[in-house]
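Report on one structure; see the data block that follows.
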Number of protein chains: 2
Amino acid sequence: MITIIARCSARAGRAEELVQLAGNLVDSSRKEEGNVSYDFYADAADPAKFTFIEVWKDQAAIDFHNATPHFQGFVEKAGPLFAGPLDVALYRKLS
Amino acid sequence: MITIIARCSARAGRAEELVQLAGNLVDSSRKEEGNVSYDFYADAADPAKFTFIEVWKDQAAIDFHNATPHFQGFVEKAGPLFAGPLDVALYRKLS
């Protein structure tokens, strides 16, 4: 399994739109066969910062996800709402 | 519930020691009554980078954890192994 932590920040005044788009992305992504979990979080200290924590069966599941219409649509619609680049890192669980 | 993402980097040559200490911390922390989950991950792109993803029932559970001998012992022993400060952020799940 592969865990992804993807962090992003919303431009001033655009956080609500980002939360709505992310909610739709979460719903669609959880339905993918290769998805184990897909959750979206707000930073408790900064209302403009958000994080996705995603768990995938394998790299093929991630590749499939990245090509889905719901992910591509999110990237297209959410892109203008981001204050900076999405910070994405992949992890493997040690313990 | 409160999710914590805590990221750290090991000094050159100290990653194995850090992984061992973190494994002990994971085992002890999971036994706490206020802990929901406590996992430790290696960054797939950088063998010196690690991340804890922790879920706690509430802030009281986090306060209790921070005062436990196993957490305090980890901080004391792992401190010299870190290449920089621990980057800790608290999150609430939105979706």
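We did not get these values from a lab; they are worked out from the coordinates using the rules stated. Bear in mind the structure is a predicted one, so any value in this text is a computation, not a measurement. Please note: Cβ atoms are built from the backbone with ideal geometry, for glycine as well, and neighbour counts cover all protein chains shown.
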Any hit, region A:56-64, residues being more than 11 Å from chain B (Cβ to nearest Cβ), among the aliphatic types (A, V, I, L, M) and loosely packed, with under 14 Cβ neighbours inside 10 Å: yes
Looking only at region B:1-49, and only at residues there that are under 17 Å from residue B:64 (Cβ atoms) and among the hydrophobic types (A, V, I, L, M, F, W, C), the one that is surrounded by the fewest Cβ atoms within 10 Å (Cβ to Cβ): B:1
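So in region A:79-94, with the set limited to residues that are within 14 Å of another protein chain (Cβ to nearest Cβ) and crowded, with 16+ Cβ neighbours inside 10 Å, which one is farthest from residue A:7 (Cα to Cα)? Steps first, please.
We begin by selecting, within region A:79-94, every residue within 14 Å of another protein chain (Cβ to nearest Cβ); these are A:87-94.
So of that shortlist, the ones also crowded, with 16+ Cβ neighbours inside 10 Å come out as A:89-91.
Values: A:89: 9, A:90: 12, A:91: 14 Å.
Result: A:91.
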Those residues of region A:1-38 which are closer than 23 Å to residue B:41 by Cα and touching a Ser or Thr at 6+ places or on another chain (Cβ under 6 Å), in sequence order: A:7, A:26, A:35, A:38
